[in-house]
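Below is one structure, written out as structure tokens; the observations come after it.
Each reported figure results from applying straightforward, stated rules to the coordinates on display, with no laboratory input. Only a predicted model underlies this, so the values are computations on that prediction, with no experimental measurement involved. Virtual Cβ from ideal backbone geometry, glycine too; neighbours counted across all protein chains shown.
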Amino acid sequence: MLSKTLICPLLLAMTLQSLSMQTTSLAIEAGRKPVLVHITNTVPAEDLSQVNMTIRVVGGDFLPSVALSRGQEYQMEAIENNPYIAMAYFGLEFAAFDPYLPGRDKGQAAVYWKVNDVGFYISYDGSKWKLDTPWETE
């Protein structure tokens, strides 16, 4: 028998995969190109390891909440012309960032994010990073 600790992550993964496939099919039906967004937790080992996020399509629905453990990556397919906003929590700190913005990211094949104890960094190639949103406490 599977324990609760195995079932919850499995259900979350299945839900996220189903949502990703639905978003992709809706974008293709509408003639819009989906953009792959990667968010990776790179918090150092000595810090709290889990980052919790809620992501929402502007003017649309919330996506399922995400809890990223250290080293874990979350992927989503954003619809090219829709902005996405996210609220993230790390211990007592929080940050509001935009995983995908058409004006900033349109034309990119992918948008990469890494989060650490300083904040959220953005890249379009996964190697050159720029701090976009630092953590806040108030």
Residues whose modelled amide H sits under 5 Å from the amide H of Gln72, counting only those 5 or more places away in sequence or on another chain, are Asn41
Using the number of other C-beta atoms within 10 angstrom as an exposure proxy, rank Val57, Val51, Val66 with the fewest first.
Val57, Val66, Val51
Likely footprinting exposure, Met87, Met76, fewest C-beta neighbours within 10 Å first:
Met87, Met76
Using Cβ contacts closer than 10 Å as the measure, can you line up Val118, Val37 from fewest to most?
Val118, Val37
